[in-house]
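K.L.:
This structure is in structure tokens; I'll ask about it shortly.
Laboratory data are not the source of any read-out in this text; all were calculated from the coordinates shown. As the structure is a prediction and not an experimental result, all values here were calculated from the model. Heads up, the Cβs are rebuilt from the backbone with ideal geometry, glycines too, and the neighbour counts pull from every protein chain shown.
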Amino acid sequence: MKPFPPPLLFVFFGLIASGKSTLGQAFAEKKEMRYYNSDVVRKELAGKLAADGRQAEFDQGIYTKTFTDKTYTELLKQAEKDLGNGISVILDASYQDPDERLRVRKLAEKMALPLYFVLCLCPEDEMKRRMEIRARDPKAVSDGRWEIYLKQKERYRPPAELPPGSLITIDTTESVENLLGTLTTLLAAANRPQPTKG
């Protein structure tokens, strides 16, 4: 009897309106993985509904560093529980700081599990368009707005520390269906053995 493959841990990350949540949730549904969104978890910890707090300010209220640390700790707690039960997990959050990304890497190392960071990118004009649409949607979970994006962009630190094979970068301007196919191809390439030199 073949052993069951180990569960996988994915991090879909990037700046506001980069498409990480749309793609992450779609990928989770397609692959039947557990999906955790930082905006939802953050508001659950604060006792709020997912669509509450639409005018939240940068670095204030539930967006202080202390509360953000609490949110990321809860994401890892939920992930560890599911991974320990053999369930693959997707974490969806900005993960804009190397220290935040290191915490996820340490969890994967501790559990000896494959880890993939999926960096979602798109042009700024598309991000702005998405934020404008989201602002009119009463069911939207994210509180991200253009002025918050500009501040987040200043703070964001590119994932130069991630080792080859664990980072996948994808432009999210295509349809979700096309992106799912592209992501599957990129993952296959990341897992392909590299030819030896000599």
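K.L.:
Which entries in the list LYS77/LYS139; LYS30/LYS151; LYS106/LYS139; LYS43/LYS70; LYS65/LYS139; LYS31/LYS70 go over 23 Å, if you measure between the two C-alpha atoms of each?
P.N.:
Values: LYS77/LYS139 26 Å; LYS30/LYS151 33 Å; LYS106/LYS139 34 Å; LYS43/LYS70 11 Å; LYS65/LYS139 25 Å; LYS31/LYS70 28 Å.
Listed pairs above 23 Å: LYS77/LYS139; LYS30/LYS151; LYS106/LYS139; LYS65/LYS139; LYS31/LYS70.
K.L.:
Follow-up question, since we're still on this one. Need the C-alpha centroid separation for the stretch 18-50 versus the stretch 151-192, integer Å.
P.N.:
17 Å
K.L.:
Also, quick follow-up: Write down the radius of gyration of the chain and its Dmax, each obtained from C-alpha positions, in Å.
P.N.:
16.9, 59
K.L.:
Taking the dipole about the Cα centre of the stretch 98-144, with the C-beta of Lys and Arg at +1 and of Asp and Glu at -1, give me whichever of VAL141, ALA112, CYS122 is farthest to the positive side.
P.N.:
It is ALA112.
K.L.:
As a test of the formula, what do you get for the chain when each DSSP H run with n ≥ 4 contributes -39,500 (n - 2.57) and the sum is divided by the residue count, at 222 nm and rounded to the nearest 500 deg cm²/dmol? Kindly include the intermediate steps, with their values, before the conclusion.
P.N.:
On the way: 7 runs with 92 residues, N = 198.
Helix-only estimate at 222 nm: -15000 deg cm²/dmol.
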